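**Student:** Below: one structure in structure tokens.
The values are calculated or read from the model by the stated rules, or taken from the named source; none is laboratory data. Values in this document were obtained by computation on a predicted structure and should not be read as measured data. Counting neighbours? That spans all protein chains shown, and the Cβs are built from the backbone with ideal geometry, glycine included.
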Amino acid sequence: MSIFVELQAVAARLSREEKQPVCTRCGKGRLVLIEETPDPNFGILGMVQQTLKCDCADCGEVTIV
């Protein structure tokens, strides 16, 4: 593997982590998408409801957005 390919792999991994929001409860973990369904009220307009879970072992908070 060339250094360029390795740098691209690291950059891709870091950008994925930066896109994940920080847990508002513990402030340590990142919120990971575990489910995405059509919104019960506005699903016909294309809105979705996301279920997110904190990846911190001490927290594990589930948030519905």
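**Student:** If I ask for residues that are charged (D, E, K, R) and either exposed (fewer than 12 other Cβ atoms within 10 Å of the Cβ) or touching a Gly at 6+ places or on another chain (Cβ under 9 Å) (or both), which ones from the range 18-34 would you list? Lay out the reasoning, then the answer.
**Tutor:** Of all residues in the range 18-34, those charged (D, E, K, R) come to 18-19, 25, 28, 30.
Those that are charged (D, E, K, R) and either exposed (fewer than 12 other Cβ atoms within 10 Å of the Cβ) or touching a Gly at 6+ places or on another chain (Cβ under 9 Å) (or both): Glu18, Lys19.
**Student:** Within the range 51-61, how many residues are exposed (fewer than 13 other Cβ atoms within 10 Å of the Cβ) and either part of a strand (DSSP E or B) or not charged (D, E, K, R) (or both)?
**Tutor:** 1
**Student:** In addition: Filter the range 30-50 for residues that are of a type in the set (A, V, I, L, M, F, W, C) and in a strand (DSSP E or B) and give the result.
**Tutor:** Matches in the range 30-50: Leu31, Val32, Leu33, Ile34, Val48.
**Student:** Given the conditions (1) more than 13 Å from the chain's Cα centre (by Cα); (2) at pLDDT below 90, and given that Val65 satisfies all but one, which numbered condition is not satisfied?
**Tutor:** So Val65 meets the others, but not (1).
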